[in-house]
Amino acid sequence: MELSGLQIFKYLPGAKKAENSNCKKCGCPTCMAFALKLAKKQVEISSCPYAPEDLKEFFAMNSKQPQNTVEINGLKIGGENVLYRHEKTFVNKTAIAILIDTLEKGWQEKLERVRNFEITRVSETMKIDLVILKGTVPTELTEGLNVIAYEEFISLPIEIIEDTDFKSTRETLIDTRTRAINEKDENFAKPVCVIMHGQGDDLCARASFYICKYTNMLVFDEMNEALISTLMTLRQNIFTDPQKPLQVEAKIYEFNNPDENSLIFMTTNFALTFFAVANELESLNVPSYLIVTPADGMSVLTAWSAEKFTAQMVAKILKKWDFANKVKNRKIIIPGLLAHMKDELEEEIRNTGDNFEIVVGTVEAYAISDFVKDYVK
Ligand code: SF4
């Protein structure tokens with residue numbers, strides 16, 4: 001639970017017009033200013049010598065870390081502070097581990113597949129986070145992997161659950177995290193790890209649920225690349241900070257060796273939009289440029305409504321990047337969602353002394369391929 005600035009203020013001398021009211025000893029001009037800063041965690045309660053004991057106790061209780069962080073050779077799990085990502089953010093993503101047992105047939109091939117596994121999505125490269133080894137393996141076979149011996153793994157200060165029954169695993173995970181966060185109960189402060197067995201039909205659904213609520217680590221005894229890729233994609237979405245949109249560098253990107261006559265597209269620097277458009281442009285056998293404008297990582301329509309994508313800004317950026325002198329093509333294809341900006345964009349660009357015609361492109365990235373086929377006819 002958190003207190004608002006106003007709720008905190010009610011406890012301070014300023015609200016009661018008591019002695020020391022607005023004394024400035026905390027470094028703030030008034031008690032209200034201090035309360036507002038305290039609510040935003042910009043100052044410490046200890047800075048006010050006149051804060052009442054019950055308020056101090058509340059903050060002491062609230063500042064207690066609800067879930068422990070455990071580090072395994074640099075891999076951090078746990079340390080979560082909220083039940084729902086939108087309340088703040090999740091901290092350490094659910095680790096994905098593979099169990100290798102040297103008594104099992106084919107363990108070497110499994111280990112090799114673990115070593116070779118790698119996916120890249122939204123410019124993040126993801127590999128298996130941890131290999132848990134039962135038995136002895138020559139070190140050259142585990143080179144480049146984060147490895148822990150099984151005996152060491154089971155002695156980590158974490159809660160380990162065998163996933164034998166979905167209902168029971170789900171309830172344990174939710175109960176543990178809820179008690180840790182809401183009640184700050186130290187008995188539930190350990191990170192939780194779920195061990196999953198086999199290749200069952202519903203394995204992906206169960207594992208996906210556990211990533212959302214609320215396992216800190218998933219251990220699989222089989223290596224299934226398709227399953228792991230799906231889970232890592234989900235995990236990436238769940239564990240991005242909602243207050244920091246994924247963004248790419250604002251600049252001019254090139255696809256298929258463009259020249260001065262190549263197609264020109266434009267979008268914002270929201271990573272998901274960028275990669276959706278970039279994948280389409282890359283897969284076309286048509287050279288093209290993609291002008292990516294700075295928009296604090298917002299998608300095109302959000303950027304437009306937040307005035308992060310304005311005609312003036314686009315005109316200024318094109319001028320700054322001297323784009324008109326780099327190409328002979330005088331047509332820029334903008335996202336279909338910004339069709340209403342066509343005239344305004346052309347006018348603002350003209351005002352800077354350049355001359356580009358604005359062409360309205362597709363609303364969705366998947367339609368770019370058909371759009372280009374018609375466009376270059
Ligand atoms: Fe108010 Fe305490 Fe700051 Fe004095 S030190 S201004 S009483 S909050």
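Taking strands (runs of 3 or more DSSP E) as the structural unit, those lying wholly within segment 250-300 and holding at least 1 residues that are in contact with a helix residue (DSSP H, G or I) (Cβ under 7 Å, 6 or more places away or on another chain) and aromatic (F, W, Y) correspond to 252-255, 263-268.
Could you tell me whether N279 is within 15 Å of V122 (Cβ to Cβ) and touching a Pro at 6+ places or on another chain (Cβ under 7 Å)? Here the answer is no, as N279 does not meet what is asked. Quick check on K184: is it within 27 Å of the chain's Cα centre (by Cα), charged (D, E, K, R), in a loop (DSSP other than H, G, I, E, B) and buried (at least 18 other Cβ atoms within 10 Å of the Cβ)? Spelling it out, it is not the case that K184 is within 27 Å of the chain's Cα centre (by Cα), charged (D, E, K, R), in a loop (DSSP other than H, G, I, E, B) and buried (at least 18 other Cβ atoms within 10 Å of the Cβ). Here D241 fulfils each of the conditions (1) modelled with pLDDT under 95; (2) surrounded by 14 or more Cβ atoms within 10 Å (Cβ to Cβ) apart from (2).
Among the residues of segment 144-159, the one identified as among the charged types (D, E, K, R) and within 27 Å of the chain's Cα centre (by Cα) is E159.
Among the candidates E71, E80, the residue that is under 30 Å from the mean Cα position of the chain (by Cα), of a type in the set (D, E) and assigned to a loop (DSSP other than H, G, I, E, B) is uniquely E80. Residue count for segment 83-123 under the criterion of being of a type in the set (A, V, I, L, M), farther than 18 Å from M232 by Cβ and assigned to a loop (DSSP other than H, G, I, E, B): the result is 2.
Annotation: of all residues in segment 1-34 being crowded, with 17+ Cβ neighbours inside 10 Å and closer than 23 Å to K184 by Cβ, the one that is farthest from the ligand (Cβ to nearest atom) is L3. The set of residues in segment 128-142 being in a loop (DSSP other than H, G, I, E, B) and free of Cβ contacts under 8 Å to residues at least 24 places away in the same chain consists of P138 alone. For beta carbons closer than 8 Å, sequence separation of 6+ or different chains, a first residue in segment 13-37 that is closer than 14 Å to P49 by Cβ and in a loop (DSSP other than H, G, I, E, B) and a second that is among the basic types (K, R) and more than 7 Å from the ligand (Cβ to nearest atom), the qualifying pairs are C28/K37.
For N187, the conditions (1) within 16 Å of T94 (Cβ to Cβ); (2) free of Cβ contacts under 8 Å to residues at least 24 places away in the same chain; (3) of a type in the set (S, T, N, Q) all hold with the exception of (1). Which of the residues that make up segment 13-52 are at positive phi and among the polar types (S, T, N, Q)? Matches in segment 13-52: N20, N22. Considering T94, T125, T89, the condition of being touching an Asp or Glu at 6+ places or on another chain (Cβ under 7 Å), closer than 28 Å to F275 by Cβ, β-branched (V, I, T) and in contact (Cβ under 8 Å) with a residue 24 or more places away in the chain is satisfied by T89 alone.
Is at least one residue of segment 350-361 closer than 16 Å to P258 by Cα, free of Cβ contacts under 8 Å to residues at least 60 places away in the same chain and assigned to a helix (DSSP H, G or I)? No, that holds for no residue.
Candidates in segment 49-59 are the residues that are loosely packed, with under 14 Cβ neighbours inside 10 Å and touching a residue at least 12 places away in the same chain (Cβ under 8 Å); of these, the one that is farthest from the ligand (Cβ to nearest atom) is D54. Taking the conditions (1) in a helix (DSSP H, G or I); (2) within 12 Å of the ligand (Cβ to nearest atom); (3) surrounded by 12 or more Cβ atoms within 10 Å (Cβ to Cβ) in turn, S46 satisfies each one other than (3).
Among the residues making up segment 301-322, those that are of a type outside the set (A, V, I, L, M) and outside any helix (DSSP H, G or I) are E307, K308, F309, T310, W321, D322.
When you look at E109, is it more than 16 Å from the ligand (Cβ to nearest atom) and either touching a Phe, Trp or Tyr at 6+ places or on another chain (Cβ under 6 Å) or under 23 Å from E186 (Cα atoms) (or both), yes or no? No. Annotation note: of G336, G297, the sole residue that is small (G, A, S), at pLDDT 95 or above and closer than 24 Å to Y366 by Cα is G336.
The values are calculated or read from the model by the stated rules, or taken from the named source; none is laboratory data. This structure is a prediction, so every number in the text was calculated from the model and none was measured. In this analysis, Cβ positions are derived from the backbone assuming ideal geometry, glycine residues included, and neighbour counts consider all displayed protein chains.
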